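The values are calculated or read from the model by the stated rules, or taken from the named source; none is laboratory data. Since this is a predicted model, take the numbers as computed values, not measurements. Here the Cβ positions follow ideal geometry from the backbone for every residue, glycine too, while neighbour counts run over all protein chains shown.
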Amino acid sequence: MDLPLRVAPEVRLRSSTSGLRAVLVEGPSATGVGARPTAAGDGKEGRGAAAQLVDLERRARTAQETDDVHALQSVEEALTSLHLQNHPLRRRPDSPAPTALPAKEREMLERKALRAAQPPISVFKRAARSKARALAETEADHFVRTLDVAHSLIAQHRVAVLDDQWHALADHERCAVIAELDAEFAAAESCCTCVDAGWDPDTSRSYVTVVARYPGPDLVAERGPGASANGRGMLRRRTPVERNALYLKAIASFALGTVRRVISVAVAVDDLHLLVVRTPEAATGLEPVYLGLLTREDVTLRPPLADPVPMLLAAAVRPLQFDGPADDLVALAPDPAVLAVVERCAEALEDHAIDSVLEGTSN
């Protein structure tokens, strides 16, 4: 199976603290179109309650350095349960109710318009002053009425813009989908970025392409939570097979969680092309370790508590590469399309590193 794997022409990749970010050269910018159900709270509350990969990696490193068995157990449970996080479906935004100018603001503007429209006339010319004041009051009234019309038109324009943005998302327009997804990833401090979206002419299904930067195998500690003979918590040494199995399970949980997040935002998407990359041990650059095609049906029809590893393996477009008796997960076999995307990601990281050095020099 071949995927239309590429970085869209409108997209430029940049590095961020959590991973890579897509910047649209053309097309709309993300505005947070749509809304989440009120039962789940607003977006910030929902994201704050859910552990993200960047935070989990930091906690895992700290737990390993301090030999904190309870912290290590907690973070490893979180790494393998990312797919259980709730991602409510985006819904069409409610149109804001039409509002008039506040009475105090309207009165203040009318007074200013009255003062501006009334010419300075001597107090001894009563007739001229009365006539000028009457004309000024008429002009001020026309001005305030015009403000009312303008206020109404602005409100109608905002409603029309929201409708257009929602229709673009619901119709799976490329730039709208990329912008909304990457805004979601950035707000959630996710290590993912959307690099392409569109329709596959062969299958007539909509798709998005997401690149995710995942930590290396050392994310899983050589010693893990265990119990002593008397039942007390302790750290015990893991075999390489155990470490690799836990690492694969964590990637599978992350992949499924990413699909759930994507289909909650891109309401019309059918397929997710997911490319997982990581920095090689004792090396620079990036290496691809997983390329899969995960569908909306994969998520909506599977039992929520089912093991995500079989799904990850079944959805792989390129076979995962395992090496040695311990089944170490290594880079995928070379593929031109995959390498082209990885090179674009690596270039973005290198540009960020160069910019950081230059900023340090200038300071």
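A few notes on this one:
- Matching residues in the range 97-123 - criterion: being without any contact (Cβ under 8 Å) to a residue 40 or more places away in the chain and either among the basic types (Lys, Arg) or closer than 30 Å to residue 168 by Cα (or both): 97, 104, 111, 112, 115
- Some residue of the range 136-146 being of a type outside the set (A, V, I, L, M, F, W, C), touching a Leu at 6+ places or on another chain (Cβ under 8 Å) and part of a loop (DSSP other than H, G, I, E, B): no
- Within the range 184-198, residues that are over 13 Å from residue 262 (Cβ atoms) reach no partner that is among the polar types (S, T, N, Q) and surrounded by 24 or more Cβ atoms within 10 Å (Cβ to Cβ) with beta carbons closer than 7 Å at six or more positions or on different chains.
- Residue 301, sole failed condition from (1) among the hydrophobic types (A, V, I, L, M, F, W, C); (2) surrounded by 17 or more Cβ atoms within 10 Å (Cβ to Cβ); (3) more than 19 Å from residue 199 (Cα to Cα): (2)
- Boolean, residue 274 is touching an Asp or Glu at 6+ places or on another chain (Cβ under 9 Å) and modelled with pLDDT of 95 or more: no
- Selection count where residues are over 15 Å from residue 269 (Cβ atoms) and without any contact (Cβ under 8 Å) to a residue 60 or more places away in the chain, scope the range 199-215: 2
- When the range 41-68 is filtered for residues that are closer than 28 Å to residue 167 by Cβ and either at pLDDT 85 or above or touching a helix residue (DSSP H, G or I) at 6+ places or on another chain (Cβ under 9 Å) (or both), the ones remaining, listed by number, are 41, 43, 44, 46, 47.
- Residue within the range 97-105 that is of a type outside the set (Asp, Glu), within 25 Å of residue 154 (Cα to Cα) and either in a helix (DSSP H, G or I) or modelled with pLDDT of 90 or more (or both) present: yes
- Residues that are assigned to a helix (DSSP H, G or I), surrounded by 11 or more Cβ atoms within 10 Å (Cβ to Cβ) and out of contact with any Asp or Glu (no Cβ under 8 Å at 6 or more places or on another chain) within the range 113-129 comprise 116, 128, 129, listed in sequence order.
- Boolean, residue 189 is acidic (Asp, Glu) and more than 20 Å from residue 19 (Cα to Cα): no
- Looking across the range 59-96, the residues that are assigned to a helix (DSSP H, G or I) and of a type outside the set (A, V, I, L, M) come down to 59, 61, 62, 64, 65, 66, 70, 73, 74, 76, 77, 83.
- In the range 172-205, of all residues being among the small types (Gly, Ala, Ser) and surrounded by 15 or more Cβ atoms within 10 Å (Cβ to Cβ), the one that is farthest from the chain's Cα centre (by Cα) corresponds to 198.
- Within the range 184-199, the set of residues being modelled with pLDDT of 90 or more and either more than 16 Å from residue 345 (Cα to Cα) or not acidic (Asp, Glu) (or both) comprises 184, 185, 192, 193, 194, 195, 197, 198, 199.
- Criterion violated by residue 326 - all others in (1) of a type outside the set (Ser, Thr, Tyr); (2) in contact with a helix residue (DSSP H, G or I) (Cβ under 7 Å, 6 or more places away or on another chain); (3) outside any loop (DSSP other than H, G, I, E, B) satisfied: (3)
- None of 94, 148 is within 30 Å of residue 170 (Cβ to Cβ), in contact (Cβ under 8 Å) with a residue 12 or more places away in the chain and either of a type outside the set (S, T, N, Q) or loosely packed, with under 12 Cβ neighbours inside 10 Å (or both) except 94.
- Top-ranked residue in the range 317-353 [being farther than 17 Å from residue 213 by Cα and among the aliphatic types (A, V, I, L, M); ranked as surrounded by the fewest Cβ atoms within 10 Å (Cβ to Cβ)]: 333
- Taking the criterion of being surrounded by fewer than 19 Cβ atoms within 10 Å (Cβ to Cβ), modelled with pLDDT of 85 or more and in a loop (DSSP other than H, G, I, E, B), the residues of the range 8-40 that qualify are 9, 10.
Results for (1) without any contact (Cβ under 8 Å) to a residue 12 or more places away in the chain; (2) crowded, with 22+ Cβ neighbours inside 10 Å, shown as yes or no for each residue.
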site: 217; (1), (2): no, no
site: 254; (1), (2): no, yes
site: 268; (1), (2): no, no
site: 275; (1), (2): no, yes
site: 291; (1), (2): no, yes
site: 297; (1), (2): yes, no
site: 310; (1), (2): yes, no
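- Annotation for the range 157-173: at least one member residue is in contact with a Phe, Trp or Tyr (Cβ under 9 Å, 6 or more places away or on another chain) and either part of a loop (DSSP other than H, G, I, E, B) or over 30 Å from residue 267 (Cβ atoms) (or both).
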